[in-house]
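S.K.: Input: one structure, supplied below.
The values are calculated or read from the model by the stated rules, or taken from the named source; none is laboratory data. If you're wondering where the values come from, they're calculated on a predicted model, not measured in any experiment. Here Cβ is always computed from backbone atoms with ideal geometry, including for glycine, and neighbour counts include all displayed protein chains.
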Amino acid sequence: MRLENKIAVVTGAASGFGEGIARRFCEEGARVVVADINAEAGKAVADSLADAVFVKADVTESDDVAALIKAAEDAFGGVDILVNNAGWTHKRGPLTEVSEEDFDRVYATNVKSIYLGAVHGVSALRRRGGGVIVNIASTAGVRPRAGLTWYNGSKGAVITLTRSMAGELAADKIRVCALNPVIGETALLEAFMGGPDTPELREQFISTIPLGRMSRPLDIANAALFLCSQEAEFITGICMEVDGGRCV
């Protein structure tokens, strides 16, 4: 049990990568707070796990994030791991045609959430004597695709924030790392592709991934598990591609 007695908060855990991470963490002995804005789906995930609770939270709202961290401490006694997974994108298309509303939502969900997670979560990690923060970034922040300019920029910000946070929080024994998934089989797939999920459109994207497939929740979950385990105790500031070779 690689996460035995650890308490993890995973945002955006009602589906996709977040659900995969929550499930994998529970399998390895963690107690997990499943956080999501989608109450019905999030509660279903939590109810299906061995030792988990659901907390409804909008990661763009300070009060919600504060309440999320408090709920974790009330339910399980603390926070050892914070996975900032919740994310959003605008539909793939010309950069000048993305609405201001969509731009604001992308940056609030992908970037402001990291800030709020730190503001409310770091003190909880300090109370436990240290811990791990994993931010889910993207290959879009390393090797951007045309048509996703504003999303690309938000994930580039997550990568830079991760490295800066790692340097600043190391003295508190808080490790901060990021994962950079390639396009994956999640609810946002059609927005990333800019059209219906057809075999032809999928192939356009898969052709740019040397290992020949999109990412899956278990791929990201296994990488997150490693970074949060004792095996990675000397790793911080890393932004790990989980991308089938996309960024090679």
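S.K.: Does Ser154 qualify as being under 23 Å from Val119 (Cα atoms), in contact with a strand residue (DSSP E or B) (Cβ under 8 Å, 6 or more places away or on another chain), in contact (Cβ under 8 Å) with a residue 40 or more places away in the chain and crowded, with 17+ Cβ neighbours inside 10 Å?
M.R.: So Ser154 fails the test.
S.K.: Follow-up question, since we're still on this one. Out of all the residues in the stretch 72-115, which are closer than 22 Å to Gly130 by Cα and surrounded by fewer than 19 Cβ atoms within 10 Å (Cβ to Cβ)?
M.R.: If the condition is that a residue be closer than 22 Å to Gly130 by Cα and surrounded by fewer than 19 Cβ atoms within 10 Å (Cβ to Cβ), then Glu73, Asp74, Ala75, Gly77, Gly78, Tyr115 are the ones that fit.
S.K.: Sticking with this one: Checking Asp219 against (1) farther than 19 Å from Glu27 by Cβ; (2) not in a loop (DSSP other than H, G, I, E, B), only one condition comes out false. Which one?
M.R.: Result: Asp219 fails condition (1) only.
S.K.: Taking the residues in the stretch 1-56 that are part of a loop (DSSP other than H, G, I, E, B) and of a type in the set (Gly, Ala, Ser) as candidates, determine which candidate is surrounded by the fewest Cβ atoms within 10 Å (Cβ to Cβ).
M.R.: Ala50
S.K.: What number of residues within the stretch 158-168 satisfy the criterion of being surrounded by fewer than 16 Cβ atoms within 10 Å (Cβ to Cβ) and touching a Phe, Trp or Tyr at 6+ places or on another chain (Cβ under 9 Å)?
M.R.: The number of residues fulfilling the criteria is 0.
S.K.: Oh, and also: Among Gly87, Gly93, which is the only one that is in contact with a helix residue (DSSP H, G or I) (Cβ under 9 Å, 6 or more places away or on another chain) and either of a type outside the set (A, V, I, L, M) or at pLDDT below 95 (or both)?
M.R.: None of the other options fit; the residue is Gly87.
S.K.: Do we have Ile136 as within 14 Å of the chain's Cα centre (by Cα), surrounded by fewer than 19 Cβ atoms within 10 Å (Cβ to Cβ) and under 30 Å from Pro196 (Cα atoms) here?
M.R.: Considered against the rule, which asks whether it is within 14 Å of the chain's Cα centre (by Cα), surrounded by fewer than 19 Cβ atoms within 10 Å (Cβ to Cβ) and under 30 Å from Pro196 (Cα atoms), Ile136 comes out as no.
S.K.: Going by the structure shown, is Val59 closer than 12 Å to His120 by Cα and in contact with a strand residue (DSSP E or B) (Cβ under 6 Å, 6 or more places away or on another chain)?
M.R.: Yes.
Okay, residues lined up against (1) within 18 Å of the chain's Cα centre (by Cα); (2) under 18 Å from Leu188 (Cα atoms); (3) basic (Lys, Arg):
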| site | (1), (2), (3) |
| --- | --- |
| Val33 | yes, no, no |
| Ala46 | yes, no, no |
| Phe54 | yes, no, no |
| Val59 | yes, yes, no |
| Glu73 | no, no, no |
| Ala86 | yes, yes, no |
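S.K.: Can you pull out the residues in the stretch 171-212 that are under 30 Å from Gly130 (Cα atoms), crowded, with 17+ Cβ neighbours inside 10 Å and of a type in the set (A, V, I, L, M, F, W, C)?
M.R.: Result: Ile174, Val176, Cys177, Ala178, Leu179, Val182.
S.K.: Before we move on, is Glu231 over 14 Å from the mean Cα position of the chain (by Cα), surrounded by fewer than 15 Cβ atoms within 10 Å (Cβ to Cβ) and touching a residue at least 40 places away in the same chain (Cβ under 8 Å)?
M.R.: yes
S.K.: Also, quick follow-up: Assess whether Leu225 counts as being within 24 Å of Tyr115 (Cα to Cα), at pLDDT below 95 and not small (Gly, Ala, Ser).
M.R.: It is false that Leu225 is within 24 Å of Tyr115 (Cα to Cα), at pLDDT below 95 and not small (Gly, Ala, Ser).
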